[in-house]
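Data block below; observations after.
The values are calculated or read from the model by the stated rules, or taken from the named source; none is laboratory data. Here the structure is a predicted model, which means the values were calculated and not measured. Positions of Cβ are generated from backbone atoms using ideal geometry, with glycine treated the same way; all protein chains shown enter the neighbour counts.
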Amino acid sequence: MRAVRDFSERQSQVFLLISTFLVKYEAPELRAINDRDVIEGLAALASTYETSVQGGGSAFEGDAAVVLRRAVETAREAGAAEAANPRAFLDFLTRVIMRRPDADAAPGPDAGEAPRLILP
């Protein structure tokens, strides 16, 4: 994924945390969030962290600002690629972040059998 191509380990963890939050967020009834909402919120947070870093903020705040700006950039790119979909970025994150609920529940056909060794 291009969005995390040059992140440090901590930045990757922050991106995963933000992405997971966005995917699992349950909006109030009758008000689903879309990419525009996400872009505005992430950009505001990024500005806050960037201001903090200029005033001598922590390394985490600097990493968070970088991650948030990259997330905004990625959301804008996703929206441009799928202009008809107001949730292009959120749909992308859902495909990447969420595991299928049946991935662990449905073992393969040979899951209960011992491995077989064929000897000549």
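Annotations
- Residues satisfying the stated conditions in the range 1-16, i.e. surrounded by 13 or more Cβ atoms within 10 Å (Cβ to Cβ) and under 15 Å from ALA75 (Cα atoms): ALA3, VAL4, PHE15, LEU16
- All positions within the range 17-39 that are surrounded by 15 or more Cβ atoms within 10 Å (Cβ to Cβ) and without any contact (Cβ under 8 Å) to a residue 12 or more places away in the chain: ASP37
- Odd one out for LEU42 among (1) more than 18 Å from LEU90 (Cα to Cα); (2) buried (at least 16 other Cβ atoms within 10 Å of the Cβ): (1)
- Test: PHE89 is touching a Gly at 6+ places or on another chain (Cβ under 7 Å) and in a helix (DSSP H, G or I): yes
- Residue under evaluation VAL72, criteria (1) modelled with pLDDT under 95; (2) within 13 Å of the chain's Cα centre (by Cα), criterion not met: (1)
- Enumeration of residues in the range 77-90 that are more than 13 Å from the chain's Cα centre (by Cα) and within 17 Å of VAL23 (Cα to Cα): GLY79, ASN85, PRO86, ARG87
- Among the residues of the range 77-116, those that are modelled with pLDDT of 70 or more and loosely packed, with under 10 Cβ neighbours inside 10 Å comprise ALA80, ALA83, ALA84, ARG95, ARG116.
- Looking only at residues of the range 20-55 that are of a type outside the set (Gly, Ala, Ser) and part of a loop (DSSP other than H, G, I, E, B), we find that the one that is nearest to the chain's Cα centre (by Cα) is TYR25.
- Residues of the range 1-17 that are out of contact with any helix residue (DSSP H, G or I) (no Cβ under 6 Å at 6 or more places or on another chain) and part of a helix (DSSP H, G or I): ARG2, GLU9, GLN13, LEU16, LEU17.
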